[in-house]
Amino acid sequence: MTGSLPVTRIASLAATASKRAPLYLHLAGVVVTDAGGGPITFGAVGSGVAVGLFDVERRIAGCALYLLPRPPDATVARKNPDWFGSLALPRLLHRLYQRGCRPEALRAVVLGGADLGPLTVGARNLACATAFLDEHRIPTTRSAEPPTRSTILCATRGELRTSDASGFDGLDGEVAP
Amino acid sequence: MTLALQDPTALAASIDRVRPLSTAAVSLSGLLTKKDFTIDAVEPVIRSDPGLTAAILRTVNSAAFGVRRSVSTVRHAAMLLGNKRLAEIALGTAFSETLPIELVGYGVTAAGFWDHCNAVAAIAESLARETQGPEPEEIYTAGLLHDIGKLVIATHLNEHLQEVLAGLRAGLPLVDAERAILGLDHSDVGAALAERWALPPRITDAIRWHHRPETVPDGVDRRVVDLVHVADGLAHLFGYGADIGGLARVVSEGATLRIGLSERHVERVAIESLEPVQRMRAVLVA
């Protein structure tokens, strides 16, 4: 996680984000914005992983926030594919391709994958995201420690912000310049 | 120096400010400690509270429950959902009415707090089944109500927010920061509130010890405490209702060993608990 930014910069980002209603993404789901759409926001990810993909040419973004790396069986997979990285990430990519996105123009941000004590579910979730992005040769421009609270992938500008109870405490970076 | 809540008068005054749990809800919490009960036991309790009856019917008829035909009576709802599930929804509905819009001090909205309470209830119940020990009858209720102390001390915490944040930045778990700054933590205060609400003693015990499973005294059902403690940690890990404490939490290794927690269990309870949490969001919406 990067350090804090000047307050003015943070304020301008907040103003930009507030111009359009955010899309709220619950655990676990997949959303895609239209070109120039508003921000995608979600609660804490914890051991889950949020993968945001941003098309730098078309200015379209999408995000998958999944719970586990892969489903335990076919029945669960059929019923709730968005819960699992191995299914949610291809679905996210497919939806972006349907909107005309090109693989070469995509940039990724990856967030989450926390663990408590000896548990490894977060690390396995992160490994799933890394393997998927490597396979599709999508560069990861930013990855971050799990934030304590809401995170915004700003589709219009390709920015990722995190906040905690004391306000915006960090900008993890821009997906695209 | 006496800290903010160590003064019994101040504590009692703070407890008085929390909207009380209804009589029907207290009766339901008692019913839910029994292994089996009939519709004849649960229906009169719910029907004694017209507001609760209406709220339950709104919830059960919401899209989240996927009921195809309109449900217009408590008895019909029980036939569709089962007596136990209906009683749990009724208790949850009554509990939701005690929530403020936001738990200031914890930096979490009622919706986030609600998600967390329901997640702990669902995860604890699922963990009890998965780990194949005895499934304590009161596990759902204990999970649902485990954090009621936060309703009392949220405003006190807010008055000391900068100190709390400094403690968190120094690596202190939130419950330790509460104790250091207020003199009591939300588990102590929650137990006092549970006694005021006349909840069953086993529920009160789980609330009191859920952050200190290693110090549970003789006579307290350790399995309930262990399950609620681990479920609380997992609910935070899965991201349900994150508050200012983030993931700086301690999950007792002893508790995980006693209940036999494995990675396989973690994955299964993550899957099993997601739908119940999503369904119970309808309670706040309704």
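The values are calculated or read from the model by the stated rules, or taken from the named source; none is laboratory data. On a predicted model such as this, the values are computed, not experimentally measured, just so you know. Note that each Cβ is placed from the backbone with ideal geometry, even for glycine, and that neighbours are counted across all protein chains shown. Side chains included, ligands, DNA and RNA excluded: accessible areas come from the protein's heavy atoms. Shrake-Rupley method; radii C 1.70, N 1.55, O 1.52, S 1.80 Å.
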Determine which member of the set B:199, B:168, B:227 is in contact (Cβ under 8 Å) with a residue 60 or more places away in the chain, on the phi < 0 side of the Ramachandran plot, in a loop (DSSP other than H, G, I, E, B) and touching a helix residue (DSSP H, G or I) at 6+ places or on another chain (Cβ under 7 Å). B:199
Conditions (1) farther than 17 Å from residue B:175 by Cβ; (2) among the β-branched types (Val, Ile, Thr); (3) touching a Gly at 6+ places or on another chain (Cβ under 7 Å): number failed by residue B:220: (3)
Expected output for the stretch B:231-244 (first residue within 7 Å of another protein chain (Cβ to nearest Cβ), partner part of a loop (DSSP other than H, G, I, E, B) and modelled with pLDDT of 90 or more, Cβ below 9 Å, 6+ apart or cross-chain) is B:233/B:252; B:238/A:67; B:239/A:67
Filtered residue count, the stretch B:266-275, keeping only those that are more than 9 Å from chain A (Cβ to nearest Cβ) and buried (at least 19 other Cβ atoms within 10 Å of the Cβ): 2
How many residues does the stretch B:125-141 hold that are part of a helix (DSSP H, G or I) and in contact with a Pro (Cβ under 9 Å, 6 or more places away or on another chain)? 4
For the stretch B:142-161, check the following and say yes or no: at least one residue is touching a residue at least 24 places away in the same chain (Cβ under 8 Å), in a loop (DSSP other than H, G, I, E, B), within 14 Å of another protein chain (Cβ to nearest Cβ) and over 15 Å from residue B:232 (Cα atoms). yes
Scan the stretch A:71-83 for residues that are more than 9 Å from chain B (Cβ to nearest Cβ) and either of a type in the set (Phe, Trp, Tyr) or exposed (fewer than 14 other Cβ atoms within 10 Å of the Cβ) (or both) and jot them down. A:73, A:74, A:75, A:78, A:79
Where residue B:250 falls short, out of the listed (1) assigned to a loop (DSSP other than H, G, I, E, B); (2) in contact with a Ser or Thr (Cβ under 9 Å, 6 or more places away or on another chain): (2)
List the helices (runs of 4 or more DSSP H) that sit entirely inside the stretch B:30-120 and contain at least 2 residues that are free of Cβ contacts under 8 Å to residues at least 40 places away in the same chain and away from chain A (no Cβ under 14 Å). B:39-47, B:50-60, B:74-81
Among the residues of the stretch A:88-128, how many are open to solvent by 20 Å² or more (accessible area, probe 1.4 Å) and touching a residue at least 40 places away in the same chain (Cβ under 8 Å)? 12
Looking across the stretch A:129-141 at residues that are buried (at least 17 other Cβ atoms within 10 Å of the Cβ) and either touching a strand residue (DSSP E or B) at 6+ places or on another chain (Cβ under 7 Å) or facing chain B (nearest Cβ under 10 Å) (or both), the single one that is nearest to residue B:255 (Cα to Cα) is A:129
Does any residue of the stretch B:42-49 turn out to be aliphatic (A, V, I, L, M) and out of contact with any Leu (no Cβ under 7 Å at 6 or more places or on another chain)? no
Flag for residue B:187 being small (Gly, Ala, Ser) and more than 19 Å from residue B:29 (Cα to Cα): no
Of the residues that make up the stretch B:242-251, is at least one buried (at least 23 other Cβ atoms within 10 Å of the Cβ) and in contact with an Asp or Glu (Cβ under 6 Å, 6 or more places away or on another chain)? no
Qualifying positions in the stretch B:46-61 - over 17 Å from residue B:284 (Cα atoms) and open to solvent by 30 Å² or more (accessible area, probe 1.4 Å): B:47, B:48, B:49, B:50
Any idea how many residues of the stretch B:171-189 are assigned to a helix (DSSP H, G or I) and open to solvent by 40 Å² or more (accessible area, probe 1.4 Å)? 3
Residue that is farthest from residue B:243 (Cα to Cα), among those in the stretch B:126-158 that are among the acidic types (Asp, Glu) and open to solvent by less than 10 Å² (accessible area, probe 1.4 Å): B:138
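Based on this model, can you work out whether residue B:101 counts as under 15 Å from residue B:19 (Cβ atoms) and among the β-branched types (Val, Ile, Thr)?
yes
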For the subset of the stretch A:105-122 comprising residues that are within 16 Å of residue A:84 (Cβ to Cβ) and not β-branched (Val, Ile, Thr), which member is farthest from the other protein chains (Cβ to nearest Cβ)? A:113
Restricting attention to the stretch B:230-239, does a residue exist that is open to solvent by 30 Å² or more (accessible area, probe 1.4 Å) and closer than 18 Å to residue B:142 by Cα? no
Which residues, counting only those in the stretch B:190-222, are of a type in the set (D, E, K, R) and open to solvent by 40 Å² or more (accessible area, probe 1.4 Å)? B:195, B:196, B:202, B:208, B:212, B:214, B:218, B:221, B:222
